[in-house]
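Since the structure comes first, as structure tokens, the remarks are kept for the end.
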Amino acid sequence: MIERLEFMLALARERHFGRAAQFCNVSQQTLSAGVKQLEERLGVMLVERGSRFQGFTPEGERVLEWARRIVGDTRAMRQEVASLRRGLTGMLRLAAIPTATPVVALLTTPFRARHPDVSFSVQSTTSSEIGRLIADREIDAGVTYLENEPLGRVTTVPLYRERYKLLTAIDGAYGARDAVSWEDVRRLLLCLLTPDMQNRRIIDAQLSPDGRPTSPLLESNSMIVLLSHVRTAKWASVMPAVLADSFRLGERVRAVPIVEPDVSHVVGLVVPEREPMTPLCAALLIETRASAPSIADTIASL
């Protein structure tokens, strides 16, 4: 039964029978037969059938909700039993918003020092996708904004306040300044993250308080793309201080604090709110709560 429920979760994730089968390391025929057997066991149709995957029936959507709980609890049980026998082991699956990726090492490094048999998987994605991944039990924890957007049923640990800097050429319009205002930044042509990123929506709220869309010269969902353009000293951008200070900007680029107003947003750890909590999540919460004050102090000094 658990394997068939995992087939359902893979199908919900991939929205394609072939890719779902590949994800589960089985043949497409095996996956399709497993879903069919689950339908026969429950006495309802779960999948809208056609030449391609067309979605789930209302009954299928409800079964998916149960599948996430059952499979998640099963994995947690296996993890806890294994930890009792061998200590904490397994893979800790994390996701972080792109602007918080430099902070992840401040969590994983002390965690690994205490639990050397744990490995990590880290992906960078949007805040809304982190919410979905947690709800679908596809990750163990996320590093994301704790304000502005709904997080669902999660336990949170605030880590730091995200503040912003203008990245500009030293010989550019504001390259010699010690600080600039958001009004100053509005006058520049910028390269920014894409609008699906919450960081971009935060910046847009300051650059266009009347709600009109901003028009940057370049948009990208990659911070590396933005940085590579800034490094030419021909482009400017707005980035969180923690990110700007993690890059080697070179001699021609400066990171200038943006003030007036002083805008900040809380970034922190989120883990699913569930009982019992998986041993990996429980240990991560303990380690993060212990290290959060020093992380906050370190980033506040940037």
Expected max-MSF residue from Val267, Val253, Val47 in the GNM of the chain (alpha carbon, under 10 Å) is Val47
Would you work out the charge dipole size for the stretch 2-78 about its Cα centre, treating the Cβ of every Lys and Arg as +1 and the Cβ of every Asp and Glu as -1, and quote it to the nearest 20 debye? 200
Crossing angle, helix 2-14 versus the chain [Cα axis fit, 0-90 degrees, rounded to tens]: 40
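Beyond 18 Å, what percent of the Cα pairs of the stretch 164-259 remain? Let's see the in-between values first.
Values: 1689 of 4560 pairs.
Value for the stretch 164-259 (Cα pairs over 18 Å): 37 percent.
Between Asp178 and Ser27, what FRET efficiency follows from the Cβ-Cβ distance if R0 is 41 Å, with the result rounded to 0.05? Intermediate values should be presented prior to the final figure.
Numbers: r = 63 Å, r/R0 = 1.55.
Efficiency for this residue pair is about 0.05.
Take the Cα pairs of the chain, get the Kirkwood Rh, then feed it into Stokes-Einstein at 10 °C and 1.306 mPa s and tell me D in µm²/s. Intermediate results must be reported in sequence, preceding the final value.
Working: Rh = 21.6 Å.
Approximately 74 µm²/s, per Stokes-Einstein.
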Sort Ser127, Ser181 so that the residue with the fewest other Cβ atoms within 10 Å of its own Cβ comes first and the one with the most comes last. Ser181, Ser127
Give, in nm to one decimal, the length gained when the segment between Glu65 and Glu40 is fully stretched (0.36 nm per residue of separation minus the Cα-Cα distance). 7.1 nm
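The stretch 245-302: which trypsin sites (Lys or Arg not before Pro) are DSSP loop and have at most 13 other beta-carbon atoms within 10 angstrom?
Numbers: sites: Arg248, Arg252, Arg254, Arg274, Arg289; in loops: Arg248, Arg252, Arg274.
Those that pass, being in a loop and sparsely packed, are Arg248.
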Tell me the angle of helix 101-114 to the major Cα principal axis of the chain, expressed in degrees between 0 and 90 and rounded to the nearest ten. 60
Just Asn199, Asn25, Asn148 to compare: in a GNM of the chain, with alpha carbon springs under 10 Å, which one fluctuates most? Asn25
Find the percent of Cα-Cα distances in the stretch 223-299 that exceed 14 Å, and round it to a whole number. 72
With no solvent and one equal point scatterer placed on each C-alpha of the stretch 2-78, evaluate the Debye formula and give log10 I(q)/I(0) for q = 0.11, 0.18, 0.25 Å⁻¹, two decimals. -0.24, -0.66, -1.27
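If you put +1 on each Lys and Arg Cβ and -1 on each Asp and Glu Cβ, how big is the dipole of the chain around its Cα centre, in Debye rounded to 20?
Numbers: 37 positive and 35 negative charges, 136 e Å.
Its charge dipole is roughly 660 debye.
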Express in whole angstrom the spacing between the alpha-carbon centres of the stretch 1-18 and the stretch 195-227. 36
With +1 on each Lys and Arg Cβ and -1 on each Asp and Glu Cβ, how big is the dipole of the stretch 164-259 about its Cα centre, in debye rounded to the nearest 20? 160
Quick check: residue separation of Asp171 and Met91 times 0.36 nm, minus the Cα distance between them. What number comes out in nm? 24.1 nm
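Can you list the GluC sites (Glu not before Pro) in the stretch 1-49 that are in a DSSP coil and have 12 or fewer other beta carbons within 10 angstrom? Show your work: numbers first, answer last.
Values: sites: Glu3, Glu6, Glu14, Glu39, Glu40, Glu48; in loops: Glu48.
Qualifying residues, ordered by number: Glu48.
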Alpha-carbon centroids, the stretch 233-302 and the stretch 28-55: separation in whole Å: 44
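Since every read-out is calculated from the coordinates, none of them should be taken as a lab result. Everything quoted here is computed from the prediction, not taken from an experiment. For neighbour counting, all protein chains shown are included, and Cβ atoms are generated from backbone atoms with ideal geometry for every residue, glycine included.
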